[in-house]
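Colleague: Dumping the structure here so I can ask a few things about it.
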Amino acid sequence: MKRKMLMTVMMLVASAVTFAQSKVYYTKEITPESLVRIYKALGVDAKGRVAVKISTGEGGNTHYLKPTLIRNLVDEVNGTIVECCTAYPGTRMDPKKHWETIHEHGFDSIFAVDLMDESGSIRIPIKDKKHLKYDIVGAHLANYDFMINLAHFKGHAMGGFGGVLKNASIGVASTTGKCYIHSAGKTDDPQKAWTADYLAAGPTQDSFLESMAAAAQAVHNYFNGNILYINVMNNMSVDCDCDGNPAKPELKDMGIMASLDPVALDQACLDKVFNYNGKAGDDNKPLIERINRQHGTYITDYAEKIGFGSKKYIIINLDE
């Protein structure tokens, strides 16, 4: 009798552990059709006015998610591509030049595109106020009922890597909002944020990562569950799509992952890169070195700590 009771308790514990794990869907296939398939596997219909948040890529960059790849998904949800201007000089800080880059990269020829901070910013509430008092996002965010966070997973010079957490935080922030996050709440002034003196006395790397996690959580909470997350693991350069002259990818394409939990999703992608048995011509070491250099993995640690999501996950392979 005691043994039967013990087995019952063990089964209940095992069930609780499984329940605590977030589902992360995976397919090795990177095609327009597989993007739609993994979206449908999540079991949540994108309804109402749907924002599809991507990076349209800096001028000169060729690694961003191409319109031909994402077209079926955007059509499936009748979505609008949304972006915000950058906080550094380039082809996307000025709205006029940003629109020119969007056109050069072929997005506005296929989709409705919205530069969300073209007419200003709004502040949205933030739960974790360790560094930020609020999140500053493009004003047009208020026009949408649902968001598909469609991120290109790759390296990043400042964050170590860019996935859905970065796409929700820095990506949805306006120019001033980006400065606010990068400075861990010390300034929202682009003229001040990148000066040598300010950077020398600026926030620690971990403070920046904590601010990104908090801002991503603010966007998630803003949509009140009407949001889902997809990472496409292709063209994984050590540099971001925000770099106009990125390094050539040394790691081969790995596939697409998706989840309703952004923390689990970014963690699953990180684990896939770190646990990969690389070799010459398909080398994960450069990307790992970039991530480690910037303490990039800390963002999922902190996001879990503030109750945003879970680093525990189970992979559901759609190819099996």
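The values are calculated or read from the model by the stated rules, or taken from the named source; none is laboratory data. Please read these numbers as outputs of a predicted model, since none were measured by experiment. FYI the Cβ positions are ideal-geometry reconstructions off the backbone, even for glycines, and counts take in every protein chain you see. All accessible areas refer to the heavy atoms of the entire protein, side chains included, with ligands and DNA or RNA removed. Shrake-Rupley method; radii C 1.70, N 1.55, O 1.52, S 1.80 Å.
Colleague: What are the pairs, 6+ residues apart or on separate chains, where a residue within the stretch 95-106 that is among the charged types (D, E, K, R) has its Cβ under 7 Å from a residue that is open to solvent by less than 40 Å² (accessible area, probe 1.4 Å)?
Modeller: Glu104/Gly59
Colleague: Still on this structure: Could you tell me which numbered condition Ile181 fails, if it satisfies all but one of (1) among the β-branched types (Val, Ile, Thr); (2) in a helix (DSSP H, G or I); (3) open to solvent by 10 Å² or more (accessible area, probe 1.4 Å)?
Modeller: Of everything listed in (1) among the β-branched types (Val, Ile, Thr); (2) in a helix (DSSP H, G or I); (3) open to solvent by 10 Å² or more (accessible area, probe 1.4 Å), Ile181 misses just condition (3).
Colleague: Would you mind finding the one in Lys40, Lys53, Lys47, Lys66 that is open to solvent by less than 20 Å² (accessible area, probe 1.4 Å) and either modelled with pLDDT of 95 or more or under 21 Å from the mean Cα position of the chain (by Cα) (or both)?
Modeller: Working: Lys40 fails: open to solvent by less than 20 Å² (accessible area, probe 1.4 Å); Lys47 fails: open to solvent by less than 20 Å² (accessible area, probe 1.4 Å); Lys66 fails: open to solvent by less than 20 Å² (accessible area, probe 1.4 Å).
Exactly one residue qualifies, and that residue is Lys53.
Colleague: Taking the stated definitions as given, is Lys96 within 26 Å of Glu304 (Cα to Cα), out of contact with any strand residue (DSSP E or B) (no Cβ under 7 Å at 6 or more places or on another chain), outside any loop (DSSP other than H, G, I, E, B) and modelled with pLDDT of 95 or more?
Modeller: no
Colleague: If we keep just the residues of the stretch 227-244 that are of a type in the set (S, T, N, Q) and within 27 Å of Ala184 (Cα to Cα), which is nearest to the chain's Cα centre (by Cα)?
Modeller: Top of the filtered list is Asn231.
Colleague: Being in contact with a helix residue (DSSP H, G or I) (Cβ under 7 Å, 6 or more places away or on another chain), open to solvent by 10 Å² or more (accessible area, probe 1.4 Å), under 22 Å from Ala184 (Cα atoms) and acidic (Asp, Glu) is true for just one of Asp117, Asp108. Which residue is that? Steps first, answer last, please.
Modeller: Working: Asp108 fails: under 22 Å from Ala184 (Cα atoms).
Result: Asp117 is the single residue among Asp117, Asp108 that is in contact with a helix residue (DSSP H, G or I) (Cβ under 7 Å, 6 or more places away or on another chain), open to solvent by 10 Å² or more (accessible area, probe 1.4 Å), under 22 Å from Ala184 (Cα atoms) and acidic (Asp, Glu).
Colleague: Show the residue pairs meeting these rules: Cβ distance below 6 Å; 6+ apart or different chains; first residue within the stretch 279-297 and at positive phi; second residue open to solvent by 30 Å² or more (accessible area, probe 1.4 Å).
Modeller: Hits for this filter: His295/Gln205.
Colleague: Now for a different question. Restricting attention to the stretch 195-246, which residues are of a type in the set (A, V, I, L, M), at pLDDT 95 or above and either in a helix (DSSP H, G or I) or over 18 Å from Ala151 (Cα atoms) (or both)? Write out each step before concluding.
Modeller: Going through the stretch 195-246, the residues of a type in the set (A, V, I, L, M) turn out to be 196, 199-201, 209, 212-216, 218-219, 227-228, 230, 232-233, 236, 238.
In the following step, the residues that additionally are at pLDDT 95 or above were identified as 209, 212-216, 218-219, 227-228, 230, 232-233, 236, 238.
Of everything in the stretch 195-246, those that are of a type in the set (A, V, I, L, M), at pLDDT 95 or above and either in a helix (DSSP H, G or I) or over 18 Å from Ala151 (Cα atoms) (or both) turn out to be Leu209, Met212, Ala213, Ala214, Ala215, Ala216, Ala218, Val219.
Colleague: Taking the conditions exactly as written (touching a Cys at 6+ places or on another chain (Cβ under 6 Å), in contact (Cβ under 8 Å) with a residue 24 or more places away in the chain and open to solvent by 10 Å² or more (accessible area, probe 1.4 Å)), does His156 satisfy them or not?
Modeller: Values: touching a Cys at 6+ places or on another chain (Cβ under 6 Å): yes; in contact (Cβ under 8 Å) with a residue 24 or more places away in the chain: yes; open to solvent by 10 Å² or more (accessible area, probe 1.4 Å): yes.
Considered against the rule, which asks whether it is touching a Cys at 6+ places or on another chain (Cβ under 6 Å), in contact (Cβ under 8 Å) with a residue 24 or more places away in the chain and open to solvent by 10 Å² or more (accessible area, probe 1.4 Å), His156 comes out as yes.
Colleague: Determine, yes or no, whether Ala142 is modelled with pLDDT of 95 or more, assigned to a helix (DSSP H, G or I), open to solvent by 10 Å² or more (accessible area, probe 1.4 Å) and of a type in the set (Gly, Ala, Ser).
Modeller: Numbers: modelled with pLDDT of 95 or more: yes; assigned to a helix (DSSP H, G or I): yes; open to solvent by 10 Å² or more (accessible area, probe 1.4 Å): yes; of a type in the set (Gly, Ala, Ser): yes.
Answer is yes for this residue.
Colleague: A further question follows. Give Gln191, Gln267, Gln205 a once-over and let me know the one that is open to solvent by 10 Å² or more (accessible area, probe 1.4 Å) and touching a His at 6+ places or on another chain (Cβ under 6 Å). Let's see the steps before the verdict.
Modeller: On the way: Gln191 fails: touching a His at 6+ places or on another chain (Cβ under 6 Å); Gln267 fails: touching a His at 6+ places or on another chain (Cβ under 6 Å).
None of the others qualify; the one that does is Gln205.
Colleague: What pairs come up if the first residue lies in the stretch 246-272 and is closer than 10 Å to Asn235 by Cα, the second is basic (Lys, Arg), and their beta carbons are under 9 Å apart, counting only those six or more places apart or on different chains?
Modeller: If the second residue must be basic (Lys, Arg), the pairs left are Pro249/Lys154; Glu250/Lys285; Leu251/Lys285; Asp253/Lys28; Met254/Lys28; Met254/Lys272.
Colleague: Let me ask something else. For Asp282, indicate whether it is surrounded by fewer than 22 Cβ atoms within 10 Å (Cβ to Cβ) and among the charged types (D, E, K, R). Please lay out each step first, then the result.
Modeller: Values: surrounded by fewer than 22 Cβ atoms within 10 Å (Cβ to Cβ): yes; among the charged types (D, E, K, R): yes.
It is true that Asp282 is surrounded by fewer than 22 Cβ atoms within 10 Å (Cβ to Cβ) and among the charged types (D, E, K, R).
Colleague: Any idea which of (1) open to solvent by 10 Å² or more (accessible area, probe 1.4 Å); (2) within 25 Å of His220 (Cα to Cα) is the one Val74 doesn't satisfy?
Modeller: Of (1) open to solvent by 10 Å² or more (accessible area, probe 1.4 Å); (2) within 25 Å of His220 (Cα to Cα), only one is false for Val74: (1).
Colleague: Sticking with this structure for a sec: Take the residues in the stretch 299-320 that are closer than 23 Å to Met254 by Cα and of a type in the set (Asp, Glu), then tell me which one is most open to solvent (accessible area, probe 1.4 Å).
Modeller: Residues of the stretch 299-320 closer than 23 Å to Met254 by Cα: 299-300, 310-320.
Keeping just the survivors that are of a type in the set (Asp, Glu) gives 319-320.
Working: Asp319: 76, Glu320: 180 Å².
Here the answer is Glu320.
Colleague: I need a count of the residues in the stretch 208-240 that are closer than 19 Å to Leu287 by Cα and open to solvent by 40 Å² or more (accessible area, probe 1.4 Å). Can you show your working first?
Modeller: Taking the stretch 208-240 as the starting set, the residues that turn out to be closer than 19 Å to Leu287 by Cα are 209, 231-240.
Subset that is open to solvent by 40 Å² or more (accessible area, probe 1.4 Å): 235.
Within the stretch 208-240, residues that are closer than 19 Å to Leu287 by Cα and open to solvent by 40 Å² or more (accessible area, probe 1.4 Å) number 1.
Colleague: Of (1) in contact with a Lys or Arg (Cβ under 6 Å, 6 or more places away or on another chain); (2) open to solvent by 10 Å² or more (accessible area, probe 1.4 Å), Asn149 satisfies all except one. Which?
Modeller: (2)
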